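Q: Dropping a structure here in structure tokens format, bear with me for questions.
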Amino acid sequence: MKGARGNNMIEIVNLTKNYGQIKAVDNLNFTVEKGEILGFLGPNGAGKTTTMNIITGYISSSEGTVKVCGYDILENPGEVKKRIGYLPEQPPLYMDMTVKDYLNFACDLKRVDKKNRKSQIYDIMELVKITHVKDRLIKNLSKGYKQRVGLAQALVGAPEVLILDEPTVGLDPQQIIEIRKLIKALGKEHTIILSTHILPEVSAVCDRVVIINKGKIAAIDTPENLNRKYGNTSKFNIRVSGPKNAIKDILSGIYGVKKVEVRSEMDSNVTDFLVEAEKDIDVRKPIFFELAKKEYPILEVKSVEMSLEDIFIHVVNDGKEEVKEENKEDQENSDTVENSNPSEDSASQELPASEDAELSEKETGSEKEADTDDKEVE
Amino acid sequence: MLAVFKREFKAYFNSPIAYILIGLFMLLSSYFFLSNLSTQSADFNNNLSSMSFLLLFIVPILTMRIIAEERKNGTEVMLITSPVSVSKIVMGKYLASVSVFLVMTAVSFIFPIIIIIFGQPAMAKLIGGYVGFILLGCAFIAIGVFASSLTESQVVAAVISFVILLTMWIMDFLSSFTSGLLAKVLDWFSLYARYVDFSEGILSLSPIIYYLSFCFIFVFLTIRIIEKRRWSQG
């Protein structure tokens, strides 16, 4: 705490990182206050991981300064690194160690006192719920547990600042909720930067959000303000049985509906529509009554979450839909720069083309996977 | 530094790699020792130079994973973002490899002990030979660690260090075919040329300093390689 100046735990000024001709991070400026949970949002290849790597001192910046608790990362790397716990995207785990040995090693690296060590490791293991796997080799743990061990490693040494790169990836829904709760609880004592591409996560956990795109800050605000500003539509998936064009006309005619899109035809008589409506007006009731009048039964109504891409496109393009295609190409270009992460790449290639439904399908798919993995452990 | 050293040393013995290497080394050196037994000779230094030839194959396997694996598994991030400096990380790793090599050397003491029990070897020669053997091994390991820092692939690291070691080994041989400045330069870099002195039982300061500075330079280069990567890429 000695080094802290004012309330700013992390100060980033004019941060730039060049990879040859390409600017992975371009002139970033922001500060994080003590006790704040900052969400770091952006599409793949936007520079999230690069920025985090620079803050933690893993790689160096090309220009600009990073100060943590008042210490400059270049002038005083030891002091900075002492105060940061980092969970990279790929948890830095030694597969041939047991969980306990691994955490002991982390204590050695962070120079935790021999006296406090035992109780600290015990507390952390309880906190992230890995006590019952403490004698297992890390390579035998499921993805979800590996993620928790990675988080445990970041907590060792009670750092003031936690930097978490996509901490909930690969966890099942139950675990995601737990980890979010945990992060929220940690936020009382720690200053946290958290990167993610899942929007509900940001609104659930973060006090403030930085959206970055192509290495530049696109917006900084609280989640509420962002939602208010950009999330002015609500979306539904509606499956109706009946003639396609007639139904489309009915839906379009309802007050508050902004846009109707035919998503897919199940068979000749059943069609999926994507309805976009004003946020303040609940259009579900009039839709039901109108369709009931004509005796077109609604088979399914599903609300679609406003996704990062939506807000992101709003933020970057001010709502111009036609830019979407161009955006897709750009994202893919920037991805080739950061091909150190193959999983991110494959995800991003699907993202621009896919609509929200596909995205959520994919998420639930991976969650199921994590679920079965965990059963193996237990 | 101690943390990294401890982890690496344990990792060697938690995996089969240390046992396999030591076992292989002992198997082949026992075969060399057979000639001592059959000829009833108390001269062990011929064996030591054959054993140091074995190091050419053993050291690349010993050191190939030491940095390459960290990069591949992403555990490098944890080390570098910890308060431990890069030079201490590399030193810890280097010393861990050296320690495994020392354990291996210690196991091979069984041969001279047998000779001492049943014969009268020239002790000065024996000690000199072993000091040279250990210094040579340390220099080899420094090259191996350096090679491991160049790549993410363990196999590539092993091949690189083997090629460098082999070149160093035949440098002496090459210099005998050349003359003038080239021969001199080749001689400077010949690790083996210095080793000959030791096996004659001569413990002079200059080859010792030569080997130690050799180790130092390659460890230093390894540190620079890792630092440089942090500046140029991610």
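Q: Residue separation times 0.36 nm, minus the C-alpha to C-alpha distance between residue A:221 and residue A:178: what's the value?
A: Going from the current span to full extension adds 13.0 nm.
Q: After finding the eigenvalues of the alpha carbon gyration tensor for the protein assembly as shown, what semi-axes result from the square roots of 5 times each, listed largest first in whole Å?
A: Those come to 61, 25, 23 Å.
Q: Here's another thing I want to ask about it. Once the principal axes of the Cα atoms of region B:165-216 are found, what is the range along each, listed largest first in whole angstroms?
A: 28, 25, 20
Q: Among the lysines, select those whose C-alpha is under 24 Å from the C-alpha of residue A:285, and discard any that sit fewer than 8 residues away in the same chain.
A: Straight-line reach from residue A:285, under 24 Å: A:235, A:244, A:248, A:258, A:259, A:293, A:294, A:302.
Q: Then there is this: Report the Cα-based extents of region A:33-178 along its three principal axes, largest first, to the nearest Å.
A: 45, 39, 29
Q: A follow-up question, please. Stokes-Einstein at 20 °C, 1.002 mPa s, Kirkwood radius from Cα pairs: D for chain B in µm² s⁻¹?
A: Using the Kirkwood radius from Cα pairs, D works out to 115 µm²/s.
Q: Keeping to pairs on different chains or 8 or more places apart, tell me how many lysine pairs in region B:2-228 have Cα atoms under 24 Å apart.
A: So the count works out to 11.
Q: Placing unit charges on C-beta atoms (Lys and Arg positive, Asp and Glu negative, everything else neutral), compute the dipole magnitude of chain B about its Cα centre in debye, rounded to 20.
A: That gives chain B a dipole magnitude of about 680 debye.
Q: From the backbone phi of region A:190-197, what are the Karplus-calculated ³J(HN,Hα) couplings (6.51 cos²θ - 1.76 cosθ + 1.60, θ = phi - 60°) in whole Hz, Gly and Pro given as x?
A: Couplings: 10, 9, 10, 10, 9, 9, 6, 10 Hz.
Q: Taking the Cα centre as origin and putting +1 on Lys and Arg beta-carbons and -1 on Asp and Glu beta-carbons, what dipole magnitude results for region A:232-304, to the nearest 20 debye?
A: 100 debye
Q: Turning to a different aspect of this structure: R0 = 51 Å: FRET efficiency of residue B:72 with residue B:203, Cβ-based, nearest 0.05?
A: 0.75
Q: Let me see the pair-distance distribution of region A:70-137: every alpha carbon pair, 5 Å bin width, integer percents in order.
A: 3, 15, 20, 24, 19, 10, 6, 3, 0
Q: How many times 2.2 N^0.38 Å is the alpha carbon radius of gyration of region A:17-82?
A: Rg over 2.2 N^0.38 Å, computed on Cα atoms: 1.13.
Q: Using every pair of alpha-carbon atoms in region A:125-213, split the distances into 10 Å bins beginning at 0 and state the percent of pairs per bin, rounded to integers.
A: 15, 51, 28, 5, 0
Q: Could you work out the relative contact order of chain B? I mean the mean sequence separation of Cα pairs under 8 Å and 6+ apart, divided by the number of residues, in percent.
A: It comes to 27 percent, rounded to a whole number.
Q: Another question about this same structure. Where is the GNM fluctuation largest for chain B (alpha-carbon springs, 10 angstrom cutoff): B:16, B:121, B:60?
A: Comparing B:16, B:121, B:60 in the GNM, the peak value goes to B:16.
Q: Let me confirm the definition first: pairs of Lys residues in region A:70-135, 8 or more apart or on different chains, C-alpha distance under 18 Å. How many are there?
A: 12
Q: For region A:232-304, evaluate the Debye formula with one uniform point scatterer on each Cα (no solvent term) and list log10 I(q)/I(0) at q = 0.15, 0.19, 0.28 Å⁻¹, rounded to two decimals.
A: Treating every Cα as an identical point scatterer, log10 I(q)/I(0) equals -0.40, -0.66, -1.49.
Q: Residue A:302 versus residue B:156, label points 7 Å from Cα toward the beta carbon: distance in nm?
A: 4.4 nm
Q: Another question, if that's okay. In the protein assembly as shown, what % of DSSP beta bridges are antiparallel (nearest 5)?
A: 70 percent
Each reported figure results from applying straightforward, stated rules to the coordinates on display, with no laboratory input. None of these values were measured; they are calculated from a predicted model. Virtual Cβ from ideal backbone geometry, glycine too; neighbours counted across all protein chains shown.
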